[in-house]
Amino acid sequence: MRRIGIDARKLDDGGIGRYVRELLRRLPALARDTTFVALARPSGVERLRAQGDLEVVEVRARGYSLAEHVELARVAAERRLDLLHVPHYVVPGMARVPLVATVHDLIHLRVPRTPLHAVYARVMLGLVRRRARLVLTPSHAVARDLETLAGIARERVAVVPNGVD
């Protein structure tokens, strides 16, 4: 049986949170030969456990920190994940498990709040380029941006439009 981890730490965020909630709600029924392991913040653990068809692991590392790279890598190894899906562009650089990342947009490169935001986005997208075996994105426009702005080979990008409830 495969074990696929899904980084669910953004469960309560806006758009990415919705994306994560729907993945965790729909995937177990679509792949019954797979155990889905949700890596969740303390605030989401009980809600996800109540769903009943997920293994849930509490992750306490603060987002956008070095600690999240260490903790996600540790959890992936301890839980013997076959794959880790990160639903945003912050992939754990220390993880020794195959990674899939979803990149919804490149707003942090196109319209950065500060120069530091742009630098951080470039560093993280470099990790995506080097570490993710597959990059999912909801549109062809973002797929082109991933190729031209982030240097990610087009054959490693899959356009998967967001679904509807």
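The values are calculated or read from the model by the stated rules, or taken from the named source; none is laboratory data. From a predicted model like this one, the values you see are computed outputs, not experimental measurements. Here Cβ is always computed from backbone atoms with ideal geometry, including for glycine, and neighbour counts include all displayed protein chains. We work out accessible area using only protein heavy atoms, side chains counted, and drop any ligands, DNA or RNA first. Shrake-Rupley method; radii C 1.70, N 1.55, O 1.52, S 1.80 Å.
Looking at region 65-89, I want the residues that are touching a residue at least 24 places away in the same chain (Cβ under 8 Å) and within 23 Å of HIS104 (Cβ to Cβ) and have a partner that is hydroxyl-bearing (Ser, Thr, Tyr) and open to solvent by 10 Å² or more (accessible area, probe 1.4 Å) with Cβ atoms under 7 Å, at least 6 apart or on another chain. Which pairs are those?
Between residues of region 65-89 that are touching a residue at least 24 places away in the same chain (Cβ under 8 Å) and within 23 Å of HIS104 (Cβ to Cβ) and residues that are hydroxyl-bearing (Ser, Thr, Tyr) and open to solvent by 10 Å² or more (accessible area, probe 1.4 Å), the close pairs are PRO87/TYR19.
If you take the residues of region 135-149 that are out of contact with any Ser or Thr (no Cβ under 6 Å at 6 or more places or on another chain) and farther than 14 Å from HIS88 by Cβ, which of them is surrounded by the most Cβ atoms within 10 Å (Cβ to Cβ)?
The qualifying residue surrounded by the most Cβ atoms within 10 Å (Cβ to Cβ) is ASP145.
Answer yes or no as to whether LEU109 is hydrophobic (A, V, I, L, M, F, W, C) and either without any contact (Cβ under 8 Å) to a residue 40 or more places away in the chain or open to solvent by 60 Å² or more (accessible area, probe 1.4 Å) (or both). Quick ask: steps written out before the conclusion?
Working: hydrophobic (A, V, I, L, M, F, W, C): yes; either without any contact (Cβ under 8 Å) to a residue 40 or more places away in the chain or open to solvent by 60 Å² or more (accessible area, probe 1.4 Å) (or both): no.
No: the conditions fail for LEU109.
I'd like the residue in region 38-54 that is open to solvent by 50 Å² or more (accessible area, probe 1.4 Å) and outside any helix (DSSP H, G or I) and, out of all such residues, is farthest from ALA101 (Cα to Cα).
GLY52
Got a number for residues in region 2-37 being small (Gly, Ala, Ser) and either buried (at least 18 other Cβ atoms within 10 Å of the Cβ) or not in a helix (DSSP H, G or I) (or both)?
Qualifying residue count for the region: 4.
Of all residues in region 74-93, count the ones that are among the aliphatic types (A, V, I, L, M) and over 21 Å from ILE16 (Cβ atoms).
Here the count works out to 1.
Could you tell me whether region 113-134 includes any residue that is touching a Gly at 6+ places or on another chain (Cβ under 7 Å), open to solvent by less than 70 Å² (accessible area, probe 1.4 Å), modelled with pLDDT of 95 or more and not small (Gly, Ala, Ser)? Give the steps one after another, and end with the answer.
From region 113-134, those touching a Gly at 6+ places or on another chain (Cβ under 7 Å) are 127, 129, 131; that's our starting set.
Remaining after also requiring open to solvent by less than 70 Å² (accessible area, probe 1.4 Å): 127, 131.
Keeping just the survivors that are modelled with pLDDT of 95 or more gives 127, 131.
Now drop any that are not not small (Gly, Ala, Ser), which leaves 127, 131.
Checking region 113-134: at least one residue is touching a Gly at 6+ places or on another chain (Cβ under 7 Å), open to solvent by less than 70 Å² (accessible area, probe 1.4 Å), modelled with pLDDT of 95 or more and not small (Gly, Ala, Ser).
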